[in-house]
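Below is one structure; the comments refer to it alone.
The values are calculated or read from the model by the stated rules, or taken from the named source; none is laboratory data. What you see is a predicted model; the values in this text were computed from it and never measured. As a convention, Cβ positions derive from the backbone with ideal geometry for all residues, glycine included, and neighbour counts pool all protein chains shown. Side chains included, ligands, DNA and RNA excluded: accessible areas come from the protein's heavy atoms. Shrake-Rupley method; radii C 1.70, N 1.55, O 1.52, S 1.80 Å.
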Amino acid sequence: MTLNYKCPNCGGAMEFDADSQMLKCQFCDTTLPIDSELESQVEASTESEKEPEPEYDDYHGYKCPSCGAEIVTDDNTTATFCSFCGNPTMMEDRMSGVRRPSRLIPFVLDKQAAIANFKEWTKKGLLTPSEFRKKATIEKLTGMYVPFWLYDYDADVSMTARATRTRHERRGNKEIIYTDHFLVNRRVFVSYDKLPADASEKMDDDLMDTLEPFEYDKLKDFNMGYMSGYYAEKYDYTSQDMKERIEKRVKEYGDDAARSTILGYETVMPIATNYRLKCSNTEYVMMPVWMLNYKWKGERQTVAINGETGKRAGKLPSSGARIAAWWSGITFVCFGISMLIQLFH
Amino acid sequence: MRVKRIFMVLALWIWLGCMTVFAEEIGVQDYAELFTSSEISTLEADCKALGEKEKLNIFIFTEYDAEGSGDGYLESIYEYYSTENGVMFYISMNPRKMYVYEYSYDNSSFRLDDDTLHDIELAAASASQSGTNFMAAASTFLSKLEDELPGGFLNRNNHFVKNSTIRNSFIICVIIGGVIVLIMYFGQRSSKVTDGRVYMKPGSDVNILEQEDIYTHTTKEVITHESSSSSGGGGGGGGHSGGGASF
């Protein structure tokens, strides 16, 4: 079943507005709070979904509740736009039962704020080609809710390390260095809360990790209303699938925590570490991300902006001409300065 | 009275100027009488031309009986005749030696190294044909010196900046530029900075359950510092030669 939100005044499509944190009509600016009563505003299409064509197993057809056109999506899309009328449309059946997120962080940066953030970023990228700053490119910024698993972990970490401390003594023209060697054992307990791991196969893990941290105080109970006007995906990986990745991270954090308790030494070399990890809770949530896919020199790249905090992730393209210009410019400025020094030295 | 003072200062200035000019145009001091007057004229013109081109005082000094030896002796001769950085071609008949001596008033503007000076000495000695053709020796000295003197420029403080120094500076600047651009290139990529502490349960900390620090052993390393004798203060000029060549 697909659904979208219609304005009670004019019947226009309503989208989530990051500024007001409410649904807003794109035509008459009517706003509606997002709460449990919102479901009454839903216009749904319960027509039977089209069976997938055998040769396109990954694609499913839905009917747009506004214009009746067919919306073709892949298996994981949960919110999109109708290609014909442009109205935001959500696939409710893909967000039900175990696939329904418990909470989400709504977008705080709207598209204008995301564009401003992106422009500021590209301005700092001194090697970024000017074509990349063009409006047509920036307009491709897409707001998307990315599925994440949040894990609560208790880590009991035992670390054994070799450590040294040195003392210096001076006798005439001789300097004596005494190095005291120690075997250091530490066992620490740390509780981690809401460690995130993106659950979408399409999303680059490094890119999503770079967007962290999200501010969890803005987590809200899940409501389809927050997704109106944005794209969204459901998870590909279960919480169990992601455990290996998240436990690797918990171990790294545990190492740092144990290492931070070994103080007063000049060198510390861990030689053995044991971990006892316990996952106390997992939660399926959606996180807001602005994405921009671009092709530069034939290579596909993605940059992303945290839709809540504005933190950026990804690599801006570098132009060969700009690299050459900066390189020669810096070289000649340095050379000019060195020549001036030589001239007056 | 004032006019008289000004006149005296001007006269002193002109006299000092003349002294300088005189000192820098010594050309050839042929006490051993190895050259004819026409050869002296030719050599003086050549010395002057090369000297002006290279901004150096280049002159030839000959004596029959050497009154000393070594770089100290050559330095005393040079300083007697010249107040500028330069190169002297010294010939003595007793002993039969030729030296090419380079002098710098601040000890830092040498253009030639010892090996090059020695090469010129050997070439000049060889050209003299066992002391029978000193004009050939002097001409060889001048032409070889012209070949060996590195390109460059004299800076405002009369320090010679060699072309090789300029080239090395340029290479260093290219490397600096490359490193900065590389830093800029990697700056185009955002990096992960999330610390584990961000995800620690609110109000919780790292709880130390057990801790043990066991001393195992001590190692000892002795470093002997050589007592360094302080070098004397600089000041004044100095020079070097290629060690001389017999003929």
Legend entry - Residue-averaged [θ]222 nm for chain A, counting only DSSP H segments that reach four residues, each worth -39500 (n - 2.57): -6000 deg cm²/dmol
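In peptide A:190-202, what is the residue-averaged number of other protein chain Cβ atoms found within 10 Å of each Cβ?
Details: counts 9, 9, 7, 6, 3, 4, 2, 0, 0, 0, 0, 0, 0.
Counting Cβ atoms of other protein chains within 10 Å of each residue's Cβ and averaging gives 3.
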Inset, instruction - Could you please state how large a percent of the accessible area of chain A is carbon and sulfur, counting protein chains only and using a 1.4 Å probe? - result: 50 percent
Legend entry - Computed label-point distance, nm, for sites residue A:142 and residue B:209 using a 7 Å Cα→Cβ extension: 4.6 nm
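Working with all protein chains in place, sort B:183, B:120 by solvent-accessible area computed with a 1.4 Å probe, largest first.
On the way: B:183 115, B:120 0 Å².
Ranked from most to least accessible, the order is B:183, B:120.
Under 8 Å for C-alpha pairs, at least 6 residues apart: give me the relative contact order for the stretch A:191-337, rounded to a whole percent.
Details: 93 pairs, mean separation 38.2, N = 147.
Computed over the stretch A:191-337, the figure is 26 percent.
How do B:33, A:139 stack up against each other in accessible area, from largest to smallest, with a 1.4 angstrom probe?
On the way: B:33 150, A:139 85 Å².
In descending accessible area the options line up as B:33, A:139.
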Legend entry - Net charge over other residues, Cβ less than 10 angstrom from the Cβ of residue A:108 (K, R count +1; D, E count -1): -3
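Summarise the partner chain shielding of B:146-152 as one whole number: the mean count of Cβ atoms from other chains within 10 Å of each residue's Cβ.
Numbers: counts 0, 0, 0, 0, 0, 0, 1.
Mean shielding by partner chains, rounded to a whole number: 0.
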Inset, instruction - Find the accessible area per residue for chain A; the probe is 1.4 Å, ligands and nucleic acids are left out, and the unit is Å². - result: 48 Å²
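Answer rounded, prolate or oblate for the stretch A:90-232, using the Cα gyration tensor with square roots of eigenvalues a ≥ b ≥ c: rounded when a/c is under 1.5, else prolate when a/b is larger than b/c, else oblate. Present the calculation step by step, with values, prior to reporting the outcome.
Values: a/c = 4.19, a/b = 1.74, b/c = 2.40.
Oblate, because a/c is 1.5 or more while a/b does not exceed b/c.
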Legend entry - Calculated from backbone phi, Karplus (6.51, -1.76, 1.60) coupling profile of the stretch A:144-160 in Hz, x at Gly/Pro: 9, 8, 9, x, 10, 9, 10, 10, 9, 10, 10, 10, 10, 10, 10, 10, 10
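Only four residue types carry charge here, +1 at the Cβ of Lys and Arg and -1 at the Cβ of Asp and Glu. Report the dipole size of chain A about the Cα centre in Debye, rounded to the nearest 20. Spell out each step's value before the answer.
On the way: 44 positive and 53 negative charges, 474 e Å.
Computed charge dipole of chain A: roughly 2280 debye.
Would you work out if the stretch A:151-299 is rounded, prolate or oblate? Take a ≥ b ≥ c from the square roots of the eigenvalues of the alpha-carbon gyration tensor; rounded if a/c is under 1.5, else prolate when a/b is larger than b/c, oblate otherwise. Spell out each step's value before the answer.
Numbers: a/c = 3.38, a/b = 2.20, b/c = 1.54.
Here the stretch A:151-299 falls in the prolate category.
Mean separation of Cα pairs under 8 Å and 6+ residues apart, divided by the residue count of chain A: what relative contact order is that in percent? Before the final figure, lay out each step's value.
On the way: 680 pairs, mean separation 79.1, N = 345.
This gives 23 percent for chain A.
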Legend entry - Calculated from backbone phi, Karplus (6.51, -1.76, 1.60) coupling profile of the stretch A:11-28 in Hz, x at Gly/Pro: x, x, 6, 10, 10, 5, 9, 5, 5, 8, 6, 9, 7, 10, 6, 6, 10, 10
Legend entry - Local electrostatic count at residue A:253 - Lys and Arg +1, Asp and Glu -1, tallied over other residues with Cβ under 9 Å: -1
Inset, instruction - Calculate one ³J(HN,Hα) per residue across the stretch A:254-262 by plugging θ = phi - 60° into the Karplus curve 6.51 cos²θ - 1.76 cosθ + 1.60, and present them in order as whole Hz with x for glycine and proline. - result: x, 4, 4, 5, 5, 4, 5, 8, 8
Legend entry - Contact surface A-B: accessible area buried, both sides summed, square angstrom, 1.4 angstrom probe: 5400 Å²
Legend entry - GNM top mover of A:306, A:281, A:117 - chain A, alpha-carbon springs below 10 Å: A:281
Legend entry - Order of exposure, largest accessible area first, which applies to B:167, A:165 with probe 1.4 Å: B:167, A:165
Legend entry - Whether the protein assembly as shown is rounded, prolate or oblate, judged on the alpha carbon gyration tensor where a/c under 1.5 counts as rounded: prolate
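Suppose all protein chains stay in the model; what accessible area per residue would a 1.4 Å probe give for the stretch B:54-139, in Å²? Present the calculation step by step, with values, prior to reporting the outcome.
Details: 3460 Å² over 86 residues.
Computed with neighbouring chains in place, this is 40 Å² per residue.
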Inset, instruction - Please give the solvent-accessible surface of residue A:296 in Å², to the nearest 10, using a probe radius of 1.4 Å with every protein chain present. - result: 60 Å²
Inset, instruction - Rounded to the nearest Å, what's the spacing between the alpha carbon centres of the stretch B:45-82 and the stretch A:172-236? Just the number, please. - result: 76 Å
Inset, instruction - Give me the accessible area of residue A:341, 1.4 Å probe, in Å² rounded to the nearest 10. - result: 100 Å²
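Distance cut-off 19 Å, Cα to Cα: go down the list A:63/A:140; A:111/A:135; A:111/A:234 and report the pairs above it.
Details: A:63/A:140 25 Å; A:111/A:135 13 Å; A:111/A:234 22 Å.
Beyond 19 Å: A:63/A:140; A:111/A:234.
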Legend entry - Most positive-pole-ward Cα, A:230, A:273, A:257, against dipole of the stretch A:214-280 from beta carbon charges: A:273
Legend entry - residue A:120 - accessible surface, heavy atoms, 1.4 Å probe, Å² rounded to 10: 90 Å²
